[in-house]
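To keep things clear, I will list the structure first and then write my remarks on it.
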């Protein structure tokens, strides 16, 4: 039994009390003396030349304080890509400058080309409307379709990039010829062309930023919706604005969801800072929902051809993929890593496939930038693999479960080096598959299908056996692969004089539950009450330099930093205890919050040691500094490799094509579990988003580059009645071998593993209903698409 | 949203007078008008609220006719019409979400005549009479096209009279995002015949499917509709469904409505 409030306890999330009672403090909740309001002018055309912007009428309007255009920022730096990718021929990727405000050209609908700051929001809104009317933009042909973009050298998103290609990446290029050879002689090849649909993140809280400038000190402060305040500070300071890092404080207070979209630095943040300096007043901006749709970094958007070469018995010989990945109009900060090293490296799945080759061409288009979104690259890899395996099983008449078992890496093979450059440290994929099958009552499926048929419904069963690499990432490894940043994290454990504890973390919580689970870990390790532990995050003035939260890294990386800092606290506490107890340091034991001399009843409590550290009257001052505060940085030795088996059951209404997910079983291996309640919540949320991608969410640009799904009237978010009651299990645990907590990431698992399970289930249902001509339906598998697929007899 | 003036009269006469002013627009539940104003797509100078007029509210039975005040919210219809005209009550209870149902009104919905709205199907399918401050208009004459009605400038719907049928049902297939009707079928059987109204499908807005009505007059069963279909031509096509899909759904939803009506 886990200790109450300690590791393994299903402690309810302490932060939920303020979130659920409306007492959270989000960026837009802040009201500052003398504040002003910024509104952005955004392009209504996908592609156009900015001919002129006449600011004179706008500047004369009531309440208007300042007008900014791209011209005002032409001499500052661009918002950079964080990862350098080289093409197959060795040439570096094309990196067009991403300006703070569009300059010369606008490149997607929603591209901000000017900003107005006024005394009130309404005045700023009116002024922005006037400025838009006084702006002349010559519309150019929109580049929307990726295949057309690379085929037509005359029409360019960026004038200096003739084929709209950012890079043409091969992974691993040296294996290309050998993989091609396998395909030439393979007994069976299954080919599938598919689309991984573009998604709009739609965090509940839209992006918001407040810039402040303090003329007395020359300091800046940015309060913003960020998943990683230090990374945002670094990007603004070192690349865009040239503000010294130590003169810029970045605060990310309560943040209402990010899912990746709030990792990145956006131009609006630079504008509110520049405007605050100019006006010597706070400048605030909060995105409207329509702005979020048009200008947040979107996710996914791959077009892929995947081929599977195998024996007639289903033994995998090779995978080969060709992908076009849309980066949109500009390179967002991690846009080049997502379709490459977060995607290609996962293309072996949990399988002992000997040969894999991945080709990704990344394409500029006149659409919103695309970057990492919950799962980031791994959902794309998993969807391609699990769909093509499902198709192969149907083509060869093989049992889908046996084919997975035959090809799984076995527990005796770790550490296992994949042909795509990763080393899996541990896992047991047979165990999670067996568990999922037990949960789903496979033997009872035919009876369930028959009962569904009596109601006129087609029932289907879909499987996905997924793996992902998260807890990003080893800095030296990602450095070799092109990352321009390190990916460690940091924590400071400050034991206060009265014995309570403040823990400052680099990880940022925007819904994950850090304030609860980190406190549980500290309580367990230091033997204190979890309620005496406060987790502090989201403010560069308070926390050590950490890299923030994304890539399911908070627990695996920052949790490890906390663990390491606590180790230092305990080591120092032993020195203090040794002095106070007049014993040798080596004889001091620490257990359950008590320092004791081994084999005796002489002991000091944790609180006594803390008090002594700050009131050092009886203290080894000659050899030990007072105080009890330690900082640790932790750079992971490897990714963590959570894996699992997901089984989905759907019912298809053959009259309308509507798909209902009626059961969803998740058997996951996340290593050691710190808080089961939070893990379950993360899986629920991830699977919900995966079902949203699979069935509902359709980001649609028309041929003119207009986003035709730019509101919730047309963009279908999954709702409660779209998802089933989830059946989640995490009892299959192979602890991570290289982090001190033995944990793997769980935040993205659901979004990675679930979409192919849903689509496989739909295809299964249609085949069982006699529609065996349907080999694939692109996501979202909407009623209209299912019905259309059924018609093509 | 742009600035506007707001008037909330207590009587119909005051409202009619106020609507005679320049740039005035009636506001009922505001579930379409207010979002479009917030997006600056609509900018009336004066809003005349109708929800303070007691005479425009309420549900009452007069003989075999259910009379619903134009400013009655959907949630009230869902509750108060349930025993008398359950199909209509169920339709009202299925519009939007609780917030929409407690603000949105029947008069507002009919005057707006959104091609995907539910109430136009009920009115046309029931052969209702739309009562205004100046006249009575048969539903067959009221809906004149997508977002268009027979209402004159300044004319206010005051009530809607629904003859209560022997049996009826409304089945809608929801658009996945908005949950409006991607296609909805309202079927009502009266002593003098069956009426079938389809919403969400046609580029012309709500319409009667007369072939289905004739078939159902012969036999009020789902089977009677076998072989009947509507042409894709003239149907709406968008992200959520092609014209062919909508034409198909018209038949599916009509059959299901007949079955549900019993």
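The values are calculated or read from the model by the stated rules, or taken from the named source; none is laboratory data. Keep in mind that this is a model prediction, so the values were computed, not measured. Reconstructed Cβ throughout: ideal geometry from the backbone, glycine too, with neighbour counts over all protein chains shown.
Only one of the listed residues (A:637, A:705, A:692, A:657) is at pLDDT 95 or above, within 12 Å of chain B (Cβ to nearest Cβ), assigned to a loop (DSSP other than H, G, I, E, B) and over 30 Å from residue A:499 (Cα atoms). That residue is A:657.
Would you check which residues across region A:660-688 are part of a helix (DSSP H, G or I) and more than 28 Å from residue A:782 (Cα to Cα) and list them?
A:676, A:677, A:678, A:679
Among the residues of region A:84-103, those identified as surrounded by fewer than 18 Cβ atoms within 10 Å (Cβ to Cβ) and touching a helix residue (DSSP H, G or I) at 6+ places or on another chain (Cβ under 7 Å) are A:88, A:103. Take region A:708-730 and flag every residue that is in a loop (DSSP other than H, G, I, E, B) and either without any contact (Cβ under 8 Å) to a residue 40 or more places away in the chain or under 21 Å from residue A:649 (Cβ atoms) (or both). Listed by number, the residues that qualify are A:708, A:713, A:714, A:718, A:719, A:723, A:724, A:725, A:730. When you scan region A:664-686, do you find a residue that is within 19 Å of the chain's Cα centre (by Cα), within 14 Å of another protein chain (Cβ to nearest Cβ) and under 12 Å from residue A:723 (Cα atoms), even just one? No; the residues of region A:664-686 include none that is within 19 Å of the chain's Cα centre (by Cα), within 14 Å of another protein chain (Cβ to nearest Cβ) and under 12 Å from residue A:723 (Cα atoms).
Filtering region A:592-619 to residues that are out of contact with any strand residue (DSSP E or B) (no Cβ under 6 Å at 6 or more places or on another chain), in contact (Cβ under 8 Å) with a residue 40 or more places away in the chain and surrounded by 15 or more Cβ atoms within 10 Å (Cβ to Cβ) leaves A:593, A:606, A:607, A:611, A:613, A:614, A:619. Go through A:78, A:70 for me and flag whichever is more than 14 Å from every other protein chain (Cβ to nearest Cβ), touching a helix residue (DSSP H, G or I) at 6+ places or on another chain (Cβ under 8 Å) and closer than 24 Å to residue A:293 by Cα. Matching residue, one of A:78, A:70: A:78.
Please find, within region B:152-184, the residue that is farthest from the chain's Cα centre (by Cα) out of those that are farther than 19 Å from residue A:787 by Cα and within 14 Å of another protein chain (Cβ to nearest Cβ). Within region B:152-184, the match that is farthest from the chain's Cα centre (by Cα) is B:178. Taken as a whole, the condition of being at pLDDT 95 or above and within 30 Å of residue B:17 (Cα to Cα) does not apply to residue B:171.
Here the condition is being under 19 Å from residue A:639 (Cβ atoms) and touching a helix residue (DSSP H, G or I) at 6+ places or on another chain (Cβ under 8 Å); of A:415, A:411, it holds for A:411 alone. Within region B:74-95, being touching a helix residue (DSSP H, G or I) at 6+ places or on another chain (Cβ under 9 Å) and in a loop (DSSP other than H, G, I, E, B) holds for B:81, B:82, B:83, B:85, B:94, B:95. Against the numbered list (1) surrounded by 16 or more Cβ atoms within 10 Å (Cβ to Cβ); (2) at negative phi; (3) in contact with a strand residue (DSSP E or B) (Cβ under 8 Å, 6 or more places away or on another chain), residue A:485 comes up short only at (3). Kindly indicate whether any position in region A:781-792 is within 14 Å of chain B (Cβ to nearest Cβ), part of a loop (DSSP other than H, G, I, E, B) and free of Cβ contacts under 8 Å to residues at least 40 places away in the same chain. Yes, region A:781-792 contains a residue that is within 14 Å of chain B (Cβ to nearest Cβ), part of a loop (DSSP other than H, G, I, E, B) and free of Cβ contacts under 8 Å to residues at least 40 places away in the same chain. The helices (runs of 4 or more DSSP H) found wholly in region B:102-142 and carrying at least 1 residues that are surrounded by fewer than 24 Cβ atoms within 10 Å (Cβ to Cβ) occupy B:106-112, B:139-142. Restricting to region A:119-149, name every residue that is surrounded by 20 or more Cβ atoms within 10 Å (Cβ to Cβ) and either modelled with pLDDT under 95 or touching a strand residue (DSSP E or B) at 6+ places or on another chain (Cβ under 7 Å) (or both). Passing the criteria: A:123, A:124, A:127, A:128, A:131, A:135, A:137, A:144, A:146, A:149.
Looking only at region A:375-411, count every residue that is in a loop (DSSP other than H, G, I, E, B) and either under 18 Å from residue A:320 (Cβ atoms) or under 27 Å from the mean Cα position of the chain (by Cα) (or both) and tell me the total. Write out each step before concluding.
Taking region A:375-411 and keeping what is in a loop (DSSP other than H, G, I, E, B), we get A:375-377, A:397-399, A:409-410.
Restricting the remaining residues to those that are either under 18 Å from residue A:320 (Cβ atoms) or under 27 Å from the mean Cα position of the chain (by Cα) (or both) gives A:375-377, A:409.
Of the residues in that region, 4 qualify.
Return the only residue of A:299, A:260 being surrounded by 23 or more Cβ atoms within 10 Å (Cβ to Cβ) and on the phi > 0 side of the Ramachandran plot. Answer to the check: A:260.
The criterion of at least 1 residues that are touching a residue at least 40 places away in the same chain (Cβ under 8 Å) and within 19 Å of residue A:70 (Cα to Cα) is met by the following strands (runs of 3 or more DSSP E) wholly inside region A:205-291: A:208-214, A:283-286.
From the list B:216, B:230, which one is more than 14 Å from chain A (Cβ to nearest Cβ), part of a helix (DSSP H, G or I), touching a helix residue (DSSP H, G or I) at 6+ places or on another chain (Cβ under 7 Å) and without any contact (Cβ under 8 Å) to a residue 60 or more places away in the chain?
None of the others qualify; the one that does is B:216.
Within region A:287-296, if we keep just the residues that are touching a strand residue (DSSP E or B) at 6+ places or on another chain (Cβ under 8 Å) and farther than 9 Å from residue A:206 by Cα, the residue that is surrounded by the most Cβ atoms within 10 Å (Cβ to Cβ) turns out to be A:293. All told, residue B:71 meets the bar of being crowded, with 16+ Cβ neighbours inside 10 Å, in a loop (DSSP other than H, G, I, E, B) and in contact with a helix residue (DSSP H, G or I) (Cβ under 6 Å, 6 or more places away or on another chain). Looking only at region B:233-244, residues that are more than 10 Å from chain A (Cβ to nearest Cβ) and touching a strand residue (DSSP E or B) at 6+ places or on another chain (Cβ under 8 Å) come to 4 in all.
Does residue A:722 satisfy the condition of being closer than 28 Å to residue B:97 by Cα, within 10 Å of another protein chain (Cβ to nearest Cβ) and touching a helix residue (DSSP H, G or I) at 6+ places or on another chain (Cβ under 8 Å)? The answer is yes for residue A:722. Taken together, the residues in region B:245-254 that are in contact with a helix residue (DSSP H, G or I) (Cβ under 9 Å, 6 or more places away or on another chain) and either within 15 Å of residue B:214 (Cβ to Cβ) or away from every other protein chain (no Cβ under 11 Å) (or both) amount to 3. Every listed requirement among (1) within 30 Å of residue A:702 (Cβ to Cβ); (2) in contact with a strand residue (DSSP E or B) (Cβ under 7 Å, 6 or more places away or on another chain); (3) part of a helix (DSSP H, G or I) is met by residue B:184 save one, (3). Only a single criterion out of (1) touching a residue at least 60 places away in the same chain (Cβ under 8 Å); (2) under 29 Å from residue A:192 (Cα atoms); (3) crowded, with 20+ Cβ neighbours inside 10 Å is not satisfied by residue A:675, namely (2).
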